[in-house]
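Reviewing the structure listed below.
Each reported figure results from applying straightforward, stated rules to the coordinates on display, with no laboratory input. Because the structure is a prediction, the values reported are computed rather than measured. Glycine also receives a Cβ, built like all others from the backbone with ideal geometry; neighbour counts cover every protein chain displayed.
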Amino acid sequence: MTQVLGIVDIVWKGTNIPVEKGGKFRIGGIKNTAVTYGRKVGRAQEYQGSEVSVTTNLEKGQSLTALLNPGEGELQVRCDTGQTYVLYDAFLEGDLPEVTGGEGGKIPLKWAGGTPEEILA
């Protein structure tokens, strides 16, 4: 039986961030966009950045300000199927997240970055 993706681990600036089930990632690169003209459809290429969206929980003793550091850094998306995607220019994107109490201190996180390096184990 073939193994498929199940667990995604996140490492942000050297720190492992445990994430809840359901995290998403999209690797960046060149994409095709349909261009309609007359009775034809052509394609134009454009660049689309990488996106990583996960939810973690606030743990006792954890520094929330260190986690939400606004600077760029290395983000690793490690898959249990052996792939690792390394974004060297990642940054947290969007508004600062709200921390939800009573549900484990849920913290939604979203990173953006360029084209990752793919490492296969």
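In the chain, Cα pairs under 8 Å separated by at least six residues give a relative contact order of 29 percent.
With N as its number of residues, the chain has a Cα radius of gyration that, divided by 2.2 N^0.38 Å, comes to 1.26. Listed by chain and number, the aspartates and glutamates placed with their C-alpha closer than 18 angstrom to that of Lys106 are Asp9, Glu20, Glu59, Glu93, Asp95, Glu98; residues fewer than eight positions away on the same chain are left out.
Ignoring lysines fewer than eight residues from Lys31 along the same chain, the ones with Cα atoms less than 23 angstrom from its Cα are Lys40, Lys110.
Dipole of the chain computed with +1 at Lys/Arg Cβ and -1 at Asp/Glu Cβ about the Cα centre; of Ala44, Gly29, Trp111, farthest Cα towards the positive end is Ala44.
Rounded to the nearest 20 Debye, what is the dipole magnitude of the chain about its Cα centre when Lys and Arg each give +1 and Asp and Glu each give -1 at the C-beta? Each step should come with its number before you reach the end.
Values: 12 positive and 15 negative charges, 120 e Å.
Computed charge dipole of the chain: roughly 580 debye.
Ordering of 34-43, 104-113 by packing is 104-113, 34-43, highest average first (other Cβ atoms within 10 Å, averaged per residue).
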